[in-house]
Amino acid sequence: MSTALPPSDQLLYTPTEAATVLRFGRSTIYELMAEGVLRYVKRGRSRRIRRSDLEAYVNALEPVSH
C-alpha cells in the first residue's frame, strides 16, 4: 500500500485517499460521512469526497485552546 499523497489538483477522493490527505484512519472518514459532518457524493456504490468538501471540513475545525 502506497503512502504517497494524491495529486493536489485531484477533484474527487475516495474515502481511503481522503483519510491519507487528512491523516485520519479510514474508519474515521466513514464515521464523519455517516454523521453528516463530511459531505460526499455517491454514484452507485461508490462514495467520493470533493476536494472543496475536504477543505470546508478542515476550515470548520475548531483549534484546541488550553
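Some values worked out for this structure:
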| quantity | calculated |
| --- | --- |
| Qualifying residue in region 12-24 (condition: at pLDDT 95 or above, surrounded by 12 or more Cβ atoms within 10 Å (Cβ to Cβ), farther than 15 Å from residue 57 by Cα and touching a strand residue (DSSP E or B) at 6+ places or on another chain (Cβ under 7 Å)) | yes |
| Any hit, region 27-37, residues being of a type in the set (A, V, I, L, M), under 11 Å from the mean Cα position of the chain (by Cα) and open to solvent by 70 Å² or more (accessible area, probe 1.4 Å) | yes |
| Selection from region 38-49 of residues that are within 22 Å of residue 4 (Cβ to Cβ) and exposed (fewer than 15 other Cβ atoms within 10 Å of the Cβ) | 46 |
| Conditions (1) part of a helix (DSSP H, G or I); (2) touching a Pro at 6+ places or on another chain (Cβ under 8 Å); number of the one not met by residue 52 | (2) |
| Qualifying residue in region 56-66 (condition: open to solvent by less than 100 Å² (accessible area, probe 1.4 Å) and touching a helix residue (DSSP H, G or I) at 6+ places or on another chain (Cβ under 6 Å)) | no |
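The values are calculated or read from the model by the stated rules, or taken from the named source; none is laboratory data. Keep in mind that this is a model prediction, so the values were computed, not measured. Neighbour counts run over all protein chains shown; Cβ positions are idealised from the backbone, glycine included. For accessibility, only protein heavy atoms count, side chains too; no ligands or nucleic acids. Shrake-Rupley method; radii C 1.70, N 1.55, O 1.52, S 1.80 Å.
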